[in-house]
């Protein structure tokens, strides 16, 4: 069983992807980036008035302002300003992207993809901006090159989606006839917290699909557990109990299963209650070892 591949929330700054898709398999990310007719042409015009702000609330969206320093070409200047605006999106959430900053741009089938990558000490889950629009821009010719300003608008619905992922909150549900199992499963939550996942609300097990859970609870993760006693025996006053715990962790932002774990534990004691407790504890410990 493979181990969980998540990283503490403090290291979410490690990757900021502006794309559609995932970074884990290094696939080419794509995001539709549209530009309207307000783009400024090269001129000696003064800095636009909107460029004096870091971000502008425009009702159902927020515009992030980016700027570039002197560059050799007009295109380089504008792309640098866009990169700066997208870094300001990260600052909006209190996320730093200061380490080893680099970027990658591509154009596939007429669609531009813009990826910002900051490689920190560890890999991390990525933050994706799936929808943004270069709403306005101005480029100024200087004595040594070009200077650009851009206004990049991100819908508030998209910012809300990113916030959910950054918070890392999750819900959980359990199916079990034994109340001790529900108590012991909570021992897994501190383990998840090491990887940026905070399980903070229990829901009814009848919720079947990740889409339904996300729609009703607006959380980033869903931990689903089934705990059952496989066998119980009594040998001359000594009790044995065999438990199996099947669990699954979903990423509600993508609808994907992050991982599945199955833990097994056999408990032995001179009382049935203690044997059950020991069996459940060993099954939970089995899962913890798989995660870590």
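Within 10 Å, count the other beta carbons around each residue, average over each peptide in 79-87, 250-258, and list them highest first. Provide the component values of the computation, followed by the final result.
Numbers: 79-87: 22.7, 250-258: 17.0.
For the peptides 79-87, 250-258, the packing ranking is 79-87, 250-258.
For Cα pairs less than 8 Å apart in space and 6+ apart in sequence, what is the mean separation divided by the residue count of region 137-251, i.e. the relative contact order in percent? Spell out each step's value before the answer.
On the way: 153 pairs, mean separation 28.2, N = 115.
Relative CO of region 137-251 lands at 25 percent.
Please work out, to two decimal places, the log10 of the ratio I(q)/I(0) at q = 0.18 Å⁻¹ from a Debye calculation in which every Cα of region 45-90 carries one identical scatterer.
-0.57
Can you list, bin by bin at 10 Å, the percent of alpha carbon pairs in region 161-232, starting at 0?
19, 49, 27, 5, 1
Quick one: what does P(r) look like for region 168-291 with 10 Å bins over all Cα pairs, in whole %?
For region 168-291, the pair-distance distribution reads 14, 43, 28, 11, 3, 0.
When the Cα centres of region 222-237 and region 51-87 are compared, how far apart do they sit, in Å?
Here the two parts' Cα centres lie 58 Å apart.
So between residue 74 and residue 232, what do we pick up on full extension, going 0.36 nm a residue minus the alpha carbon distance? All intermediate terms of the calculation are to be shown ahead of the outcome.
On the way: separation 158, 0.36 × 158 = 56.88 nm, distance 7.50 nm.
In short, 49.4 nm is gained.
No lab work stands behind these numbers, since they all come straight from the coordinates. All of these numbers come straight from a predicted model, not from anything done at the bench. Every residue, glycine as well, gets a Cβ built from its backbone with ideal geometry; the counts of neighbours run over all protein chains shown.
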